Amino acid sequence: MSTPSSGAGRPQRPPRPVIELTVQSTEQLSPHLVRLVAGGPGFSAFVDNGKTDKYVKIRFPEHDVTRTYTVRHVDGVARTITLDFVVHGDEGIAGPWAANAKPGDPITFVGPGGAFVPDPTADVHLFAGDASALPAIGAALEALPADARGVAHLVVEDESEVLELAAPVGVELRWHFHSPAGSNPDVLAEAIAAAPWPQGRVQVFAHGERESMKAIRAVLKERDVAREDLSLSGYWAHGRTEDRFQAEKKEPIGQIPD
Ligand SMILES: Cc1cc2nc3c(=O)[nH]c(=O)nc-3n(C[C@H](O)[C@H](O)[C@H](O)COP(=O)(O)OP(=O)(O)OC[C@H]3O[C@@H](n4cnc5c(N)ncnc54)[C@H](O)[C@@H]3O)c2cc1C
């Protein structure tokens, strides 16, 4: 499963550049999702890796932490990147920062990382995720060939969080509702389990709250998904800061069984 990590024995990857941009504009996409477009001279250092799940690690030096966010869109002409932040209340660092961000605010990050692009030769595409994965799923849907078939199971808090996502006509968007976010890890897994499993080679991209990813993994174990057709990992964990979530990857609770 695609989990950004490094360790002993793995080939050393070149250091990713530090990129300093400024917020150019902000947009409230839905009550819990804020879009920031960032650009400036530092854009020259941004190397698009072509992955639809490309992500950056935003630095918050005053807290001595980083937070991980998907690059929803790169505009090489305007020389900007677009990031969509879940605003999940007053808790945390990145969410409240994004909710209050204004044009001119600095944003510094390292990246991008990322590993996924939809395989146009797959017979069927299955996506699953919560609001934190909407940027990655939205980018992947846009990258699909026009004749692609599949389904995207998306869980958000309520109808007001539904976004208009561009997708091929053969890819159905199924929105599920549960509030607060991450409090029921079974919503997506039950939706996948309840639907007839498609014929043919299915490529899966499932990301979001960690426990919900474990539940999806358990369902997929009973389906015929080749390991190389599966991109599945936690993006956050209910009740954990990102620092704790990342640290728990080394503990049994933080691991999603293969
Ligand atoms: C590769 C990758 C890509 C990601 N892409 C995105 C993205 O594009 N957009 C995005 O919004 N997130 C994305 N995330 C998730 C994001 O990094 C986490 O949600 C992160 O914890 C947010 O940091 P914070 O400072 O706001 O909250 P933290 O300080 O980390 O956490 C504070 C509290 O808020 C809770 N919390 C954290 N995230 C959420 C949430 N989404 N909903 C409800 N409660 C939450 C925590 O459980 C904790 O209790 C991505 C994560 C990864 C690993």
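The values are calculated or read from the model by the stated rules, or taken from the named source; none is laboratory data. Here the structure is a predicted model, which is why all the values come from computation and not from measurement. Here the Cβ is made from the backbone with ideal geometry for all residues, glycine too, and neighbour counts use every protein chain on show. Side chains included, ligands, DNA and RNA excluded: accessible areas come from the protein's heavy atoms. Shrake-Rupley method; radii C 1.70, N 1.55, O 1.52, S 1.80 Å.
Observations, loosely collected:
- Candidates in region 105-123 are the residues that are in a loop (DSSP other than H, G, I, E, B) and open to solvent by 50 Å² or more (accessible area, probe 1.4 Å); of these, the one that is farthest from the ligand (Cβ to nearest atom) is Asp123.
- Count of region 233-256 residues which are over 16 Å from Thr68 (Cα atoms) and more than 7 Å from the ligand (Cβ to nearest atom): 7
- When Gly129, Gly208 are checked against the criterion of being in contact (Cβ under 8 Å) with a residue 40 or more places away in the chain, in contact with an Asp or Glu (Cβ under 6 Å, 6 or more places away or on another chain), open to solvent by less than 20 Å² (accessible area, probe 1.4 Å) and within 16 Å of the ligand (Cβ to nearest atom), Gly208 stands alone in meeting it.
- Evaluation of Thr68 against the conditions (1) under 30 Å from Pro15 (Cβ atoms); (2) in contact with an Asp or Glu (Cβ under 6 Å, 6 or more places away or on another chain) shows that the sole unmet condition is (2).
- Some residue of region 157-179 being within 19 Å of the chain's Cα centre (by Cα), part of a helix (DSSP H, G or I) and closer than 17 Å to Leu134 by Cα: yes
- Restricting attention to region 76-85, the residues being open to solvent by less than 50 Å² (accessible area, probe 1.4 Å) and either more than 6 Å from the ligand (Cβ to nearest atom) or more than 11 Å from the chain's Cα centre (by Cα) (or both) number 4.
- Restricted to region 166-189, and to residues there that are under 22 Å from Arg149 (Cα atoms) and crowded, with 18+ Cβ neighbours inside 10 Å, the residue that is nearest to the ligand (Cβ to nearest atom) is Leu188.
- Restricted to region 211-241, and to residues there that are of a type in the set (D, E, K, R) and in contact (Cβ under 8 Å) with a residue 40 or more places away in the chain, the residue that is most open to solvent (accessible area, probe 1.4 Å) is Lys214.
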